[in-house]
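Working notes for the structure below.
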Amino acid sequence: MKRRSKETQRANERLVYVGHKLLMVACSDEDRWFVDRALHAGFDVRLLVCFEDVQHKMRAWYPERLLVVPAHKVSVTAAVRAEGFGGALVCELGDPIRTALVVQALRDASVPRVTVLSRHPARAQLYVRSGAHDVLCADEREHLWTAFLHGMSVQEPAS
């Protein structure tokens, strides 16, 4: 019974998010799980690649979904603004300062919902000050994903 419930939930996710443009910043092997879930949910996912140390990995994983931009705040802001994303999901990078700078560029690009996933609750204030609308902290990725989807659905207009 529980399996059917999860299948129904995932089917409903696909119905809600089909076509929504989502920018993701995901660089680690663990982050691929979130990218795959977003794709499965129906999001039109683009992956921001602005750091050379992850370009080769991202090109191998999702070559057709990349937004490759030089790692300069002005370049990132302009490229993201031109795409018109409905939201962004930032999986915390290894360096919290890098993460905060990316979040700041997304805020400056007027992305309406910027969510950061972090394993370090002490960094939440840094990301909020940088422009994140939500900072989700947990070890369980299913919980993080559910919280992210809830945050995205809150901005959906009622029908």
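Rule-based calculations on the coordinates, nothing more; no lab input. What you see is a predicted model; the values in this text were computed from it and never measured. With ideal geometry, Cβ positions are generated from the backbone for all residues, glycine too; neighbour counts draw on all protein chains shown.
Shown here for the range 103-138: trypsin sites (Lys or Arg not before Pro) in loop regions (DSSP other than H, G, I, E, B) with at most 14 other Cβ atoms within 10 Å, namely Arg119. Among the GluC sites (Glu not before Pro) within the range 70-159, those in coil by DSSP and having at most 16 neighbouring Cβ atoms inside 10 Å are Glu140. Percent of C-alpha pairs per 5 Å bin in the range 2-154, short distances first: 2, 10, 20, 24, 22, 14, 6, 2, 1, 0.
Dipole size of the range 17-159 about its Cα centre, with +1 on Lys/Arg Cβ and -1 on Asp/Glu Cβ: approximately 360 debye, rounded to the nearest 20. Measuring max minus min along each principal axis, the C-alpha atoms of the range 56-127 give extents of 35, 28, 21 Å (largest first).
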